[in-house]
Amino acid sequence: SIYLDNNATTALAPAALDAMLPYLSTEYANPSSASAAGVSVKKALGEARVAVAKLLGSSPAELIFTSGATESNHTAILGALSLTKGKRHLITSQVEHPSVLLMCQHLERLGIEVSYLPVDEEGRLDLEDLRVALRPDTALVSLMWANNETGVLFPVIEAAAMAHDAGAFFHTDATQALGKLSVNAAASGVDFLSCSAHKIHGPKGVGALFVRKGIALPPLFHGHQERGRRGGTENVPAIAGFAAAARLLTNIEAEAHYLRELRDHFEQGLLAFMPCARIHGQEAERLPNTSNVGFIALDGEELLYRLEQEGITAAAGAACAAGGQEPSHVLTAMGFSKTAVLSSLRFSFGRQNRSEDVERLLRVLPGILLGMMDMPPVKAG
Ligand code: PMP
């Protein structure tokens, strides 16, 4: 089967699995324990932190291990609010991941004001909108580095500088950017950066939060681990797997080049037989691996099902939004009609994909699409 849903999650790298196994069996000591076994596990934890910090372009001390990007996002947002007591305003965008948007909605119910910046029809953010939204009581600006549904990039470096000029902290959810383009947390100027292991061929349930040196971000989970910044016994096996996955990313440029070739091969092939297909965010700067395609009024769910029958896995919107059948908030924010949104699929390529996978997809797709042409258009009601 052909897996083209790498933005939802990626296959665990064999090296990551190997790195995890000892900590799931013999090396089970608690890293906080003073025993020799504990000290040895603690050392492994330190080495893992160095490896992930290297990938993130941070110092190891700036990195907190978490249970994933959701927790990292929540830690940054709530932490920034409690650091800036009295400031009651947040800025984010309409196209963030639900882990950011739902937290912001929760905070609105608690009396925090949130500004949700719009995007244009290519999914791009206008920094002028950020400039206008910033206020003296803005505690934090949280903008994703790369969108999980469209791959469209936000100008986080410029946005971080603008937030700082206005006296606000800046957080970025770099979950989708990590491993696909060069992400340097320290050089980017951001205060907080979230990421997750399972998007870079590491295990699920582990991620990291970069916290710029000198910022005493209050924890979400209180306890003595992670130097008091994240309580709870460390998920050592997962962290070891995360580090192994990070170590595999020695050449991001080569990785990005490989993914871009697959993606561009697909898009060119698709447009050759279906010139009216719409590639969302095509005019914007995008991740190299993501293709979000509007199939003019065809039923996206049906198309997804027919691809699955051929052993090809794509996605309708994001994994986190699917199931609920809610049309993508990202494409909706880009101004697309409900019909257009429901006829869109995401193809996200990964390291294991081969050009033969793209060729197979391009071979089966025309037949499937032709077979669907005389179906009634997708119901938007
Ligand atoms: N942010 C983005 C942009 C994501 O794509 C995801 C994963 N879908 C998350 C956050 C959540 O990550 P995790 O599953 O590690 O909580």
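Here is the link list: K85/K213; K87/K213; K42/K85; K54/K180; K180/K338. Which ones come out longer than 25 Å on Cα distance? Checking Cα-Cα distances, K42/K85; K180/K338 exceed 25 Å.
Helix 98-109 axis versus longest C-alpha principal axis of the chain: approximately 70°, rounded to the nearest ten. The long axis of helix 36-56 is offset from the longest Cα principal axis of the chain by roughly 50 degrees. Taking other C-beta atoms within 10 angstrom as a stand-in for reagent exposure, H97, H257 fall in the order H257, H97, fewest first. In a fully extended conformation the segment linking Q309 and L362 would gain 17.6 nm over its present Cα-Cα distance, using 0.36 nm per residue.
Subtracting the Cα-Cα distance of S35 and D120 from 0.36 nm times their residue separation leaves 24.9 nm of extension gain.
Potential lengthening of the chain between R131 and H224 amounts to 29.6 nm, from the contour at 0.36 nm per residue minus the alpha-carbon distance. The value of relative contact order for the chain, using C-alpha pairs under 8 Å at least six residues apart, is 23 percent. Per residue, the convex hull spanned by the alpha carbons of segment 14-248 comes to 111 Å³.
Looking only at segment 138-276, where both bridge partners belong to it, what percent of the DSSP beta bridges are antiparallel (to the nearest 5)? Bridges in segment 138-276 are about 45 percent antiparallel. For the chain, the longest principal axis of the Cα atoms and the long axis of helix 252-273 meet at an angle of about 20 degrees. The fraction of Cα-Cα pairs per 10 angstrom bin, counted from 0 for segment 170-281, comes to 12, 32, 31, 15, 7, 2 percent, rounded to whole percents.
I'd like to compare 188-201, 52-65: which one has the highest average count of other Cβ atoms within 10 Å, and what's the full order after that? List each step's numbers first, then the result.
Working: 188-201: 27.0, 52-65: 20.5.
Those peptides, ordered most packed to least, come out 188-201, 52-65.
Between segment 234-255 and segment 27-74, the alpha-carbon centres lie 12 Å apart.
Read-outs throughout are calculated quantities, based only on the coordinates presented, and are distinct from any laboratory measurement. Here the structure is a predicted model, which is why all the values come from computation and not from measurement. Cβ sites come from the backbone with ideal geometry, for glycine too, and all protein chains shown count toward neighbours.
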